[in-house]
Amino acid sequence: MLVLYYFYPACSLVAHIALEESGLAFEARPVNLKDPAQVADYKKINPRGTIPAMTIDGQTLTENIAILSYIADQAPEAGIIPTDPMERAQCMSLLSWSASTAHINFRRSFRPERFSADPAAFDGIVASGHALYWANLQWLDECLQKQDWMMGKTYTASADGYALRLYDWGRIGKYPVDELKALTAFKDRIIARPAVRRVLEREGSPLVARA
Ligand SMILES: N[C@@H](CCC(=O)N[C@@H](CS)C(=O)NCC(=O)O)C(=O)O
């Protein structure tokens, strides 16, 4: 039994998309990270309190990339992560960049207190995080000017799901994402996928119109 713990608009979207695309049976359980009581309860599952976590027959797995790797191995035909060694490594490179560079730049732009105990440093952390995250979004756009999907010609739920998460953080953070034509066209392409749409609807994402 697979249970995914998610929160909108967290990076759990990526694992959620991968699970939905995999065809594996799973339960998606929302955790409101803004509700201290829910977080306290969730820490019994993941003591770090971070989202996503997935339980596999009661055993907890944390960290998006590890969760994606597990899902990909359980459904190798679903193309969550490529199986060719070089393509697989390139995909892991993209996922690592997304999780450790782009994600952290975005965090700097709105959680400066996580990076310094000195409030006088906050403005500088926010400004540089904002500039770096915008450069990261521009880099995604440059990639997508040359190809439809992050890995090239083929949709890859892990890498493309993460690019959607990064795009949407840009939208939420009021970056001028509409200027990034290739990234915006990519967003339209990926949210047209039935599995992605189901996840966005389940999460209550404004990227899809509510019924
Ligand atoms: N390195 C972790 C990061 C997970 C993470 O920090 N998730 C955020 C939401 S996007 C979170 O849980 N934030 C709450 C917190 O840090 O307390 C991963 O890739 O899964």
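Looking across the range 139-164 at every residue that is in a helix (DSSP H, G or I) and touching a Ser or Thr at 6+ places or on another chain (Cβ under 8 Å), the one that is nearest to Lys187 (Cα to Cα) is identified as Ala163. The residues on offer are Ala121, Ala117, and the sole one that is in a helix (DSSP H, G or I), without any contact (Cβ under 8 Å) to a residue 60 or more places away in the chain and farther than 24 Å from Ala182 by Cβ is Ala121.
A Cβ distance below 7 Å, combined with a sequence gap of six or more or placement on separate chains, defines the contacts here; from the range 186-206, residues that are farther than 14 Å from Trp149 by Cα and at pLDDT 95 or above reach no residue that is open to solvent by 70 Å² or more (accessible area, probe 1.4 Å) and of a type in the set (A, V, I, L, M, F, W, C). All told, Ser128 falls short of being part of a helix (DSSP H, G or I) and under 30 Å from Tyr70 (Cβ atoms). Listed conditions (1) touching a Leu at 6+ places or on another chain (Cβ under 9 Å); (2) open to solvent by less than 60 Å² (accessible area, probe 1.4 Å); (3) of a type outside the set (A, V, I, L, M) are all met by Tyr70, apart from (2). Selection of the range 38-86 for residues being more than 14 Å from the ligand (Cβ to nearest atom), assigned to a loop (DSSP other than H, G, I, E, B), farther than 12 Å from Leu2 by Cβ and in contact (Cβ under 8 Å) with a residue 12 or more places away in the chain yields Gly79, Ile80, Ile81, Pro82.
Residue count for the range 1-26 satisfying the condition of being assigned to a loop (DSSP other than H, G, I, E, B) and either among the hydrophobic types (A, V, I, L, M, F, W, C) or within 16 Å of the ligand (Cβ to nearest atom) (or both): 8.
Count of the range 87-104 residues, restricted to those that are more than 17 Å from Trp139 (Cβ to Cβ), away from the ligand (no atom under 16 Å from the Cβ) and surrounded by 14 or more Cβ atoms within 10 Å (Cβ to Cβ), is 2. Among the residues of the range 105-141, those identified as among the hydrophobic types (A, V, I, L, M, F, W, C) and buried (at least 18 other Cβ atoms within 10 Å of the Cβ) are Phe106, Ile125, Trp134, Leu137, Leu140.
The values are calculated or read from the model by the stated rules, or taken from the named source; none is laboratory data. Worth saying up front: this structure is predicted, and the values here are computed from it rather than measured. Reconstructed Cβ throughout: ideal geometry from the backbone, glycine too, with neighbour counts over all protein chains shown. In case anyone asks, the SASA skips ligands and DNA or RNA and just uses the protein heavy atoms, side chains included. Shrake-Rupley method; radii C 1.70, N 1.55, O 1.52, S 1.80 Å.
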